[in-house]
């Protein structure tokens, strides 16, 4: 079997323009992008973390047309040092984390159909470009994402670490909430790009909201709880994890994620 590095390099070495093949997009594809853009920017106007809209502007991501991968890549790398590579569907976890360790973020070539604009069961290009990339322009956020890859590599992408990191990534990255001005603020790309989940996550009383305290033990327990919370990728979340500030989030991930993983793997062995 090929090594993680080899499998990653096979994807990351592909030419972005050739693999995207921009000419293949139809008028319906462009309409779908604009429809999603208009809907989400309207919904998120007062509830997204402030870094999100700043990131959209910095990267030149608009609703006028589907972004060109190579253009987005140049802007992202110049601003942050991060680059994108194209995957053909859902990635194996070890490849994802190997890329994150090296400041490489995956963007799938899959894009939902116009008739499916409100929901796609699999992550698509809109989720990754609109949801993930703007937040990467916040330096500390990028460092937090990279830490997941660093931790995975520390344990050689073992089955044990690959069992506990993905749930933590799901709740503490994809669907994280940050308090702001007394309200929930959306920072998780899984919510930022979701037509149906945006307002639900921001205002609904239905889901359980887990809040993180500011003591070392509270932050460790928060991470540990996320690692062992079950989720269903086909449904709205019934649980969200929320931090009181981005400074607290940064401290939690950078300082305590490695500690909790070390503790859990020691217990497991």
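We did not get these values from a lab; they are worked out from the coordinates using the rules stated. Everything quoted here is computed from the prediction, not taken from an experiment. Methodologically, a virtual Cβ is constructed for each residue, glycine included, from the backbone with ideal geometry; neighbour enumeration extends over all protein chains shown.
Computed values, structure above
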read-out: Boolean, residue 218 is touching a helix residue (DSSP H, G or I) at 6+ places or on another chain (Cβ under 7 Å) and either more than 24 Å from residue 72 (Cβ to Cβ) or surrounded by 17 or more Cβ atoms within 10 Å (Cβ to Cβ) (or both); value: no
read-out: Contacts under 6 angstrom Cβ, first residue in region 117-133 being within 17 Å of residue 51 (Cα to Cα), partner part of a loop (DSSP other than H, G, I, E, B), 6 or more apart; value: 127/193; 129/67; 130/193; 131/193
read-out: So residue 191, is it within 15 Å of residue 174 (Cα to Cα) and crowded, with 18+ Cβ neighbours inside 10 Å; value: yes
read-out: Flag for residue 247 being more than 16 Å from residue 145 (Cα to Cα) and surrounded by fewer than 17 Cβ atoms within 10 Å (Cβ to Cβ); value: no
